Amino acid sequence: MPFSWSLNPYMGCVHRCTFCYVRAFEQRADRPADDRYGRTIRVKTNVADVLARELARPSWEREAVAVGAATDPYQPAEGRYRLTRACIEVFARAANPFSLITRGPLIVRDVDVLAEAASRAEVSVTFSVPTLDEQVWRTTEPGTAPPRQRLRALKTLVDAGIAASVGMAPILPGLSDRPELLADVVRAAREAGATGIWANLLYLRPGTREHFLECLARDWPDQLDRYERLYAGRAYLPAEETKPVRALVSDLRREHDVGDRRRVRLAPPPEPEQLTLAV
């Protein structure tokens with residue numbers, strides 16, 4: 001993982017994406033990783049209080065925290081419990097940097113606290129948009145908002161001065177990796193004002209693997225043999241499979257000039273300079 005600390009206000013996710021890597025964690029914890037995953041949500045009602053205590057420790061060095069690494073912090077439960085918002089308020093008061101990844105347009109509700117946090121510490125948001133293809137989206141991400149709705153939410157954040165990028169993950173071999181489909185996402189990200197874009201392909205660990213392949217056999221049976229060959233004895237695809245797709249997305253990013261084009265860029269004030277006395 002490209003971070004040392006993560007925070008998840010909820011456990012479980014009603015999005016119930018067929019490819020969700022958290023299913024592997026659930027299986028390891030002896031919880032259902034199959035079609036039952038996401039039918040119940042565990043709510044950490046005191047998460048903001050615990051976070052505040054942790055950030056107040058003298059030993060805490062204001063390291064960046066990733067929010068939403070194992071659940072979507074803006075899934076529907078957030079509309080009721082408002083735990084993600086409460087955590088952002090804690091981060092803002094502590095001037096602590098954080099990143100957040102989501103598929104949930106509900107995030108636009110919290111533009112005010114995100115902007116406050118971004119004016120005090122480094123804040124970034126990533127919207128997961130693997131594809132704009134309606135069939136692939138509806139079939140593999142059954143509980144999520146439409147991809148273009150996520151991009152509208154991204155635009156709202158960018159217009160407010162908040163850094164918001166697109167994560168094209170996971171790209172599914174043979175389903176969402178066609179060049180024209182990748183170009184559609186990059187082009188739409190540029191139009192929405194995304195400050196960056198990156199891509200990653202599907203990986204299948206035990207727990208996720210069984211469920212995904214079962215869904216694949218039902219929804220795209222013609223692809224099953226290919227996936228069983230690609231992922232035979234491994235969770236990650238070899239470089240010869242991933243590099244061409246990532247390279248194409250990188251080329252498309254340059255072609256469409258996807259980058260930080262915010263008119264307003266919220267950023268923390270510079271750190272005070274430590275002066276030294278001449279002796």
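Scanning the range 231-254 for residues that are in a helix (DSSP H, G or I), free of Cβ contacts under 8 Å to residues at least 60 places away in the same chain and either out of contact with any strand residue (DSSP E or B) (no Cβ under 8 Å at 6 or more places or on another chain) or open to solvent by 30 Å² or more (accessible area, probe 1.4 Å) (or both) turns up 239, 240, 243, 244, 246, 247, 250, 251, 254. Could you grab me the full set of residues in the range 130-169 that are in contact with a strand residue (DSSP E or B) (Cβ under 6 Å, 6 or more places away or on another chain) and not β-branched (Val, Ile, Thr)? Answer for the range 130-169, where residues must be in contact with a strand residue (DSSP E or B) (Cβ under 6 Å, 6 or more places away or on another chain) and not β-branched (Val, Ile, Thr): 130, 150, 154, 157, 163, 164, 165, 167, 168, 169. When residues in the range 152-174 are screened for being open to solvent by 10 Å² or more (accessible area, probe 1.4 Å) and in contact with a helix residue (DSSP H, G or I) (Cβ under 6 Å, 6 or more places away or on another chain), 4 of them pass.
The set of residues in the range 139-151 being open to solvent by less than 30 Å² (accessible area, probe 1.4 Å) and over 30 Å from residue 240 (Cα atoms) consists of 144, 145, 150, 151. Scanning the range 81-122 for residues that are hydroxyl-bearing (Ser, Thr, Tyr) and open to solvent by less than 10 Å² (accessible area, probe 1.4 Å) yields 84, 102. Where residues in the range 175-198 are over 25 Å from residue 228 (Cα atoms) and basic (Lys, Arg), which of them is surrounded by the fewest Cβ atoms within 10 Å (Cβ to Cβ)? Within the range 175-198, the match that is surrounded by the fewest Cβ atoms within 10 Å (Cβ to Cβ) is 187.
Yes/no matrix, rows are residues, columns are (1) under 23 Å from residue 16 (Cα atoms); (2) modelled with pLDDT of 95 or more:
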position	(1), (2)
187	no, yes
219	yes, yes
261	no, yes
277	no, no
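For the range 1-18, the count of residues that are open to solvent by 10 Å² or more (accessible area, probe 1.4 Å), of a type in the set (Gly, Ala, Ser), within 30 Å of residue 205 (Cα to Cα) and touching a residue at least 24 places away in the same chain (Cβ under 8 Å) is nonzero.
Screening the candidates 36, 42 for the property of being without any contact (Cβ under 8 Å) to a residue 12 or more places away in the chain, open to solvent by 20 Å² or more (accessible area, probe 1.4 Å) and among the charged types (D, E, K, R) yields one hit, 36. Of the listed requirements (1) in contact (Cβ under 8 Å) with a residue 24 or more places away in the chain; (2) in contact with a helix residue (DSSP H, G or I) (Cβ under 8 Å, 6 or more places away or on another chain); (3) charged (D, E, K, R), residue 228 misses just one: (1). Residues being open to solvent by 50 Å² or more (accessible area, probe 1.4 Å), within 17 Å of the chain's Cα centre (by Cα) and aliphatic (A, V, I, L, M) are represented in the range 47-69 by at least one member.
If you go through the range 123-138 and keep only what is crowded, with 17+ Cβ neighbours inside 10 Å, out of contact with any Lys or Arg (no Cβ under 7 Å at 6 or more places or on another chain) and not aliphatic (A, V, I, L, M), you end up with 124, 126, 130, 131, 133, 137.
The values are calculated or read from the model by the stated rules, or taken from the named source; none is laboratory data. Fair warning: this is a prediction, and the values are worked out from it, not measured in the lab. With ideal geometry, Cβ positions are generated from the backbone for all residues, glycine too; neighbour counts draw on all protein chains shown. The protein model used for the area step is the full one, side chains on, heavy atoms only, and it has no ligands, DNA or RNA in it. Shrake-Rupley method; radii C 1.70, N 1.55, O 1.52, S 1.80 Å.
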